[in-house]
Amino acid sequence: MKAILKYILLTAARDWLFIGLFAALIAACGLSLFLGSTALSEQAAMQLSFIAGTSRLVLVVGMVLFICFHIRRSFENREIEFLISRPISRSSFLFAYFFSFLVLSLLLLIPVMGFIFFLFKPTVLGFFLWSFSVFCELVLISTFAILASLILRSAVSSVLGCFGFYMISRIMGFAVSTIIIPANLNHINLNIALEMTLKGLSSLLPRLDQFGQSKWLIYGDVNPDMLTLIAAQSVIYITLILLMSVYDFNKKQF
Amino acid sequence: MTIATRSLILKLSLILVLGLQVSFWYKTKHIKPDMIIVPEVPKLFTVKLLSLGDDQFYFRNLAFKIQNAGDSWGRFTALKDYNYEKLQGWFFLLDELDSKSNFVPSLASYYYSQTQKPEDTVYIVEYLREHAKKDPRTKWWWLSQAVYIANHRLKDKDLALEVAYELAATPEDVDMPYWARQMPAFIHEQRGETDAAKNIIVDILNNFEEFTPGELNFMEYFIRDRLEDEEFRYEVIEELRKNAKWDHER
């Protein structure tokens with residue numbers, strides 16, 4: 001476990017993940033501070049919202065790109081074959097990978113959290129919920145990136161798959177609200193098919209639309225139940241993807 | 001074909017295609033992006049979809065876009081050229097995303113109300129009235145701005161009075177300065193309706209308990225100098241004395 005964690009962190013440093021992502025984060029924060037300062041009023045709220053939104057996107061994109069390209073390259077260079085030739089089960093290997101990406105997500109998120117906390121001083125509960133939900137979102141998308149890289153044979157298709165999954169998950173609330181529109185509203189059978197499709201799709205995808213909302217940082221009015229909702233969704237979905245990954249990895253022929 | 005000939009054909013083809021590209025640019029250079037001043041107002045459905053779950057982030061983006069509408073890409077547009085009906089649509093749409101923020105009402109009342117076409121400010125007044133209705137306890141300030149805009153920019157005293165009464169009807173337990181509750185009196189005074197103005201002041205004196213010396217001085221000044229009613233002034237001060245709300249020593 002420790003060796004794989006070290007290996008992932010070294011690979012991340014070798015691939016300039018830290019430098020690249022920190023440069024992107026500094027650019028995003030700088031631009032957000034500049035644009036927010038030109039607002040007619042509520043400059044701090046504007047800056048905070050821009051920083052929270054853009055840094056979340058930068059981190060998600062960075063993690064997906066790194067994981068997909070790292071895993072596909074490891075398969076192509078036969079690094080994975082070498083690693084699993086060691087006395088470690090495939091499941092343990094995958095869990096070690098998952099844990100490493102979890103640590104990596106935390107390492108990348110901490111500077112953003114520090115920047116937001118010291119510069120804007122949001123309410124503790126709002127700040128905690130935002131940070132926790134963004135961390136869960138990063139871990140969830142990282143786990144999905146592991147699965148996509150294991151299933152799909154190309155890094156590019158894995159990345160595109162992850163982005164598609166992320167986008168659909170972020171509009172899941174919208175899909176759910178569309179389901180409640182009566183199917184026979186227009187007396188068209190197509191609506192029933194649409195309803196069934198949306199129901200099926202929404203039951204299989206996570207509610208990422210409830211995660212990382214910048215209003216928690218700005219107004220601090222947080223419903224404590226959100227914490228339970230986010231934790232429950234993360235635990236359920238991350239476990240589901242991990243089990244799917246283990247199942248697929250165990251069946252893989254080298 | 002020799003290598004030299006092939007190379008020459010390649011070079012000539014390169015020059016020809018480059019020339020074609022330059023000609024294409026020359027013929028298409030007049031096609032420019034549609035630099036509309038106020039963009040079309042999208043449906044709430046679309047906006048919610050595009051917000052990807054973070055309404056606040058998208059709200060700030062759109063609010064910023066509306067702040068800079070017409071003044072982007074090196075353009076500077078006079079406010080008289082803006083379509084205020086569309087602008088009002090944007091204000092209402094943004095309120096659907098976040099009605100708690102004071103960014104949009106401040107943009108409307110401090111910036112867009114400065115238009116060179118005062119008749120357009122009716123859209124601002126309508127918006128501010130609707131915005132304040134969402135939470136009269138915290139949004140009364142925007143009603144006072146609506147009164148000001150209706151009275152001084154739009155010069156529609158009837159509308160100003162209507163909004164002033166809405167402002168004065170803010171629940172009594174709201175910590176609001178007395179000048180806001182006296183707003184209908186000021187408009188009545190400007191309309192020459194001194195009796196109505198007096199009634200407003202008396203009503204405030206009878207229904208509220210605590211006044212600062214500054215507020216009482218202002219009411220006295222308003223009655224004495226602006227309503228020019230010396231007799232009434234004494235009536236009011238007697239009333240204050242009786243209710244122990246007036247202290248000459250202060």
Taking alpha-carbon centroids only, segment B:150-179 lies from segment B:31-63 a number of Å equal to 33
Contact order relative to length for chain B, counting C-alpha pairs under 8 Å separated by 6 or more residues, stands in percent at 10
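Report the calculated FRET efficiency for A:Ile26 and A:Leu106 (r = Cβ-Cβ distance, R0 = 25 Å), to the nearest 0.05. Don't jump to the answer; show the numbers that get you there.
Details: r = 19 Å, r/R0 = 0.77.
Once rounded, the FRET efficiency stands at 0.85.
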Centre separation in Å (Cα based) which lies between segment B:89-146 and segment A:105-184: 34
Within 10 Å of each Cβ in A:209-216, how many Cβ atoms from other chains are there, averaged over the peptide? 5
Where is the GNM fluctuation largest for chain B (alpha-carbon springs, 10 angstrom cutoff): B:Arg153, B:Arg75, B:Arg60? B:Arg75
Over chain A, what is the relative contact order in whole percent, taking alpha-carbon pairs under 8 Å and six or more residues apart? 25
In whole angstrom, the spacing between the Cα centers of segment A:198-231 and segment A:1-74 equals 21
Using the per-residue mean of other Cβ atoms lying within 10 Å as a proxy for protection, in what order, highest first, do the peptides B:2-8, B:37-43, A:244-250 fall? A:244-250, B:37-43, B:2-8
Reachable lysines from A:Lys215, criterion Cα separation under 25 angstrom, eight or more residues apart if same chain: A:Lys121, B:Lys43, B:Lys48, B:Lys65, B:Lys100, B:Lys133, B:Lys134, B:Lys139
Listing A:Phe99, B:Phe64, B:Phe45 by rising number of other beta-carbon atoms within 10 angstrom, fewest first, gives B:Phe45, A:Phe99, B:Phe64
How do A:236-243, A:105-112 rank on mean C-beta neighbours within 10 Å, highest first? A:105-112, A:236-243
Within 10 Å of the Cβ of an average residue in B:92-99, the count of other chain Cβ atoms is 1
What is the average number of partner chain Cβ atoms found within 10 Å of a Cβ in A:49-57? 4
Please report B:Met1, B:Met183 as a ranked list, fewest other C-beta atoms within 10 angstrom at the top and most at the bottom. B:Met1, B:Met183
Which of the helices in chain B meet the span-like rule: DSSP H, Cα axial reach of 30 Å or more, Kyte-Doolittle mean at least -1.0? B:3-28
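Coordinate-derived values only; no laboratory data. All values reported here derive from a predicted model rather than from experimental measurement. Counting neighbours? That spans all protein chains shown, and the Cβs are built from the backbone with ideal geometry, glycine included.
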